[in-house]
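Worksheet for the structure shown next.
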Amino acid sequence: MSSIGIDNGLGIHPHALLARERRAEILASNIANADTPGYKARDLDFRAALEGAQKRQDFSLNRSHKEHFGVTLRNTGGEQYRSVNQADTGDRNSVDVDVERNLYLRNAMEYQATLTFLNSRISGMNKALKGQ
């Protein structure tokens, strides 16, 4: 009988959650730099980041409390500059705040959906361990 590890039980979803977290950071940085001359809007190629995370399994667990755990995904790749959707205003800044906000909100909803799915999986694993 083979054991089911936490990675097998949760599948790709922890990696997806971390890639969505990284994308949120990038999008927030774009919004924060909307008025910075020469700033180029960036985004994360979610699929490339997820594939990179799966192939490398490049993550570590960090504990801030004995009953807590955190997962940090390093070097997911997939970060790139966004194509310019608007005319240059003369400051060479490529951030379109409306686009960035919409992408940020969509990413937040996808993050929440992934988190909800993970919570459901963990709850199911917990019930299985307790024999319920």
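Some observations on this one:
- Local electrostatic count, Ala113, Cβ distance below 12 Å [Lys/Arg +1, Asp/Glu -1]: +1
- Linear extension gain, Glu21 paired with Val99, 0.36 nm per residue minus alpha-carbon span: 26.3 nm
- Charge tally in the Cβ shell below 12 Å around Glu100, where Lys, Arg are +1 and Asp, Glu are -1, Glu100 excluded: +2
- Put simply, the amide H of Glu79, placed in the peptide plane, has neighbours under 5 Å in Asp45, leaving out anything fewer than 5 places away on its chain.
- Mean Cβ neighbour count within 10 Å, used as a protection proxy, ranking 117-130, 17-30 highest first: 17-30, 117-130
- A simple count of charges around Gly38, restricted to other residues whose Cβ falls under 9 Å of its Cβ and scoring Lys, Arg +1 and Asp, Glu -1, yields +1.
None of the figures in this text is laboratory data; all of them are computed from the coordinates on show. Remember, it's a predicted structure, so these values are computed and weren't measured experimentally. Virtual Cβ from ideal backbone geometry, glycine too; neighbours counted across all protein chains shown.
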